[in-house]
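Read the structure below first, then the notes.
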Amino acid sequence: MKALVFGGTGRIGSAVARDLASYGGAETVGIVGRSRASLDKTLQWIGSEKVTSHVLDIADARKARTLMQEYDVGIIALPDRRGSYKTIETAIGAGLNIVDILEEYHRRPDPYETEGLEVPAGMSLDEYGESLHRRALDGGVTLIDGMGFAPGLSNVTLGEGIRKVQAERAVARVGGIPSREAAARHPLQYMITWSFEHVLREYMVNVRTIQDGEITEVKATSGRESFRFLEFGQDEKMECAITPGMPSFLYTRSCLKSFSEKTVRWPGHWQAIDTLKECGLLETEPVNFAGEAVRPRDFFLSIIESRLRPLLGDDDVCVMWNTAWGKEMQADCFMWVGGDSGQGISAMARVTGSSAAVAARMLAKGDIKEKGIVAPEDAIRDDAYGIFMQELEKRGIIVAETIK
């Protein structure tokens, strides 16, 4: 198997490449980036002869297509919708099966803050998404999208719970958080483990949920819930709020009477976000400052990001508690996974990267046979579910499942 990672120099992309090179099944792992220096740094960090690098701007579709045709499967770890959709367009044309980590259901593009996504003239967003699906089907190409931690692993596990109890209602509670000790050293009780600009976007957009069997829009960070996490030897009080993390469920599990995805944070985080919103610091509409047009969110990011970056000794955790309720049974799945400080991998990079890498391996091996745009909960089910979870266990990523 030859696997190609787009965004292979970022935190998540480099973790994907390392997993592919370390756990067998890949004879060649290509990493794509625009900077030779960044690529060389990533090659040195992974330290495997299997990994090779390619300097490429994905906007060069001809060159990208030629490169894709040398590989069996691709993984997209790009930070925004513009890059994601450009890569998908090219991959479909090249006949390359692909896994995308972005929290998007590409058949139904998110209408809020599209991050430069270019839609063909005369098409709505939904029409564009369906055209990509049809083109992938016609070309015999599979795109598994939203395949990381949340969305991704969270979709897979909650999807399994829904099937087992014939659920009518479901909620996903997921998040990447600093350890309690690290949280105390940073503003907002938060630490950056992936694009913070993307995090703030999720806090500001309208979010589609299922309520009373209908798709309903609510404000991001609403629907708050406090709970105690008591699994894996932990006893921690946490809070969660609605965010747009698992959009495919609105369409693939539309039979549910209610569904929402909620992001887990330490107590106090959501109240701090409320204050920032009230002050207008998370808005994207430019304001006049000293004769210059300034976007408040850009200004805020320029100040806060350095204060949220991990300090020496800081650790993070990926936490999950998903619940599916049937008429007579309830399914829960729990996870508490830390990083690998010895290898310099955060928990977020570890869980997201391994989930995407395992899915890519399965796709290349033929364990996933669906074509077109396929959500994680439909791609990894039945026999594929067992294979996927066993592979994650080999990496120390354990999900506890209970049915009562």
Accessible surface of the chain [probe 1.4 Å, protein heavy atoms]: carbon and sulfur percent: 48
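Suppose we keep just the DSSP beta bridges with both residues in the chain; what percent of those would be antiparallel, to 5?
Working: 43 of 74 bridges.
That works out to approximately 60 percent antiparallel.
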Shape category assigned to the stretch 190-301 from the gyration tensor of Cα positions, a/c cut at 1.5: oblate
Cα gyration tensor shape for the stretch 25-184, rounded if a/c is under 1.5, else prolate or oblate: oblate
Charge-dipole axis of the stretch 236-367 as Lys and Arg at +1 and Asp and Glu at -1 on Cβ define it, positive-most pick from 333, 347, 306: 333
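Filter the cross-link list 262/404; 86/394; 257/365; 86/277; 86/164 down to pairs whose alpha-carbon distance in this structure exceeds 29 Å. Could you put the intermediate results ahead of the total?
Details: 262/404 22 Å; 86/394 34 Å; 257/365 36 Å; 86/277 32 Å; 86/164 37 Å.
Flagged as over cut-off: 86/394; 257/365; 86/277; 86/164.
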Listed values (i) 73, 50, 33; (ii) 62, 51, 49; (iii) 94, 61, 39, entry calculated as Cα extents along the principal axes in Å: (ii)
Integer Hz, Karplus 6.51/-1.76/1.60 couplings in order for the stretch 97-113, x for Gly and Pro: 5, 8, 10, 10, 7, 4, 6, 9, 9, 5, 6, 9, x, 4, x, 9, 6
Span from the the stretch 224-264 Cα centroid across to the the stretch 343-386 one, whole angstrom: 21
Gyration tensor verdict on the stretch 139-202 (Cα atoms; rounded if a/c is under 1.5, prolate if a/b is larger than b/c, oblate otherwise): oblate
Vicinal HN-Hα couplings computed from phi for the stretch 197-205 (Karplus, 6.51 cos²θ - 1.76 cosθ + 1.60; Hz; Gly/Pro x): 4, 5, 4, 5, 4, 5, 7, 10, 7
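Heavy-atom accessible area per residue, the stretch 224-375, 1.4 Å probe: how many Å²?
Details: 6800 Å² over 152 residues.
Per-residue accessible area for the stretch 224-375 comes out at 45 Å².
So with the 1.4 Å probe, I'd like the accessible area per residue for the stretch 102-210, rounded to whole Å². Present the calculation step by step, with values, prior to reporting the outcome.
Values: 3580 Å² over 109 residues.
The answer is 33 Å² per residue.
The values are calculated or read from the model by the stated rules, or taken from the named source; none is laboratory data. This one's a predicted model, so the numbers in the text were calculated from it and none came from an experiment. Glycine gets a Cβ as well: all are built from the backbone with ideal geometry, and neighbour counts include every protein chain shown. We work out accessible area using only protein heavy atoms, side chains counted, and drop any ligands, DNA or RNA first. Shrake-Rupley method; radii C 1.70, N 1.55, O 1.52, S 1.80 Å.
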